[in-house]
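Reviewing the structure listed below.
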Amino acid sequence: GSVLETIGPRSHVQASYGDPPTPAAPELAAIVATLMQSSLQSTSLSTYQRAWNLFHRFNCLTFPGLPLKFPITVQMFCLFIAYLYDFKYASSTVHTYVSALSYSHKLSGYPDPSKAFVVVEMLKAMAS
């Protein structure tokens, strides 16, 4: 056999007839999705959806004809914050929407653009 078969995980595992079969990867992925969805309260879920809908509207109005791109760049995050500021959104609402977009990035394994210095400073300025 190959080196992997000789030293890999199968070389150290013995199956027992009494052991239950393990779920296949798609079943495990479904469990991950269920657990992650359960990690958010239903109110948070609707707020996060509202944030994405608003970001989509911002993208369509600011960059007509261009598709929404993910992950969101730091520059686009800044423009979105300026858009919310221009429309007189409360600082707390802006923070909530930024958190929603941030959560999606972290969940997808992308760097969190809300942690960029310029974004943090813009949010501080809005709060004061």
Completion exercise
Note, segment 110-121: 3J(HN,Hα) by Karplus (6.51, -1.76, 1.60, θ = phi - 60°), whole Hz, Gly/Pro = x, goes 8, x, 8, x, 6, 8, 5, 3, 5, 5, 4, 5
Handout entry: Loop-resident sites, segment 48-128, for trypsin sites (Lys or Arg not before Pro), counting at most 13 other Cβ within 10 Å (DSSP)
Key = 69, 88
Problem - All lysines inside 22 Å of residue 115 as judged from Cα atoms, apart from same-chain residues fewer than 8 positions distant - result: 69, 106, 124
Exercise for the section: Set the Förster radius R0 to 25 Å, insert the Cβ-Cβ distance between residue 30 and residue 99 as r into 1/(1 + (r/R0)^6), and round the FRET efficiency to 0.05. Expected result: 0.40
Practice task
Could you tally the net charge around residue 92, taking each other residue with its Cβ under 15 Å from the Cβ of residue 92, Lys/Arg +1 and Asp/Glu -1?
Solution key: +3
Exercise for the section: Using label points projected 7 Å from each Cα along Cα→Cβ, tell me how many nm separate residue 37 and residue 91, to one decimal. Expected result: 3.7 nm
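Just so you know, all these numbers are worked out from the coordinates, no wet-lab data involved. Owing to the predicted nature of the structure, the values given are computational and were not obtained by experimental measurement. When we count neighbours, we look across all protein chains shown, and the Cβ atoms used for this are built from the backbone with ideal geometry, even at glycine.
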